[in-house]
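Please treat every number below as a calculation from the coordinates, not as lab data. This one's a predicted model, so the numbers in the text were calculated from it and none came from an experiment. Neighbour counts run over all protein chains shown; Cβ positions are idealised from the backbone, glycine included.
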């Protein structure tokens, strides 16, 4: 599946198919077993449902990537999970997966996601230029951002 960050399409170094690969993504239920069986140098990512409580998501122990599922584009729980993970100090890669629209791309990055995994069919319907142009659509926000972008309120206070 295509992987997109703020610069455009990027290679996906992680796989869900080969447990012996150098970088794998496993379901949350299989995480402990994957960590216990991890060969030296292997990077581990974990697939997290959008129903997960952020404080229950393991962020220590060498978790390199957390992939948060978006089951419907109208369900914003994944944004809250990403923001909570960043506020909790997680510094690894956050990936949004599943149903996301170009209009949500800038907001995903602002909430703390580093990248978005989209399927080939969606990329065919909504080409890369739509995703990248959407980054310029969201320039102000009501909330503070893990990426350091000040909120409207912080900007207003700074001008006083």
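Between residue 21 and residue 59, 0.36 nm times their residue separation minus their Cα-Cα distance comes to what?
Values: separation 38, 0.36 × 38 = 13.68 nm, distance 2.10 nm.
Roughly 11.6 nm would be gained on extension.
Structural descriptor for the range 43-108: relative contact order 35 percent, calculated from alpha carbon pairs under 8 angstrom and at least 6 residues apart.
Each Cα pair under 8 Å and six or more residues apart adds its sequence gap; the mean of these over the residue count of the chain is a relative contact order of 20 percent. What percent antiparallel are the DSSP beta bridges of the chain, to the nearest 5? Around 20 percent antiparallel, to the nearest 5.
Among 11, 102, 49, which one shows the biggest mean-square fluctuation in a GNM of the chain, springs joining Cα atoms closer than 10 Å? Among 11, 102, 49, the largest mean-square fluctuation in the Gaussian network model of the chain belongs to 11. Computed from Cα atoms, the angle from the helix 77-87 axis to the main principal axis of the chain rounds to 90 degrees.
For the pair residue 3 and residue 30, what calculated FRET efficiency results from E = 1/(1 + (r/R0)^6), where r is the Cβ-Cβ distance and R0 = 25 Å, to the nearest 0.05?
Numbers: r = 22 Å, r/R0 = 0.87.
That pair, residue 30 with residue 3, gives E of 0.70.
Of interest is the spacing of the C-alpha centroids, which for the range 63-77 and the range 89-116 amounts to 8 Å. Note on residue 124 and residue 10: their simple-model spin labels are 2.6 nm apart, each label 7 Å out from Cα toward Cβ. What full-extension length gain, to one decimal in nm, is calculated for residue 74 and residue 101 as 0.36 nm per residue of separation minus the Cα-Cα distance? Full extension of this stretch gives 8.8 nm more.
Note on the chain: with a GNM built from Cα contacts shorter than 10 Å, the maximum mean-square fluctuation among 93, 149, 59 falls on 149.
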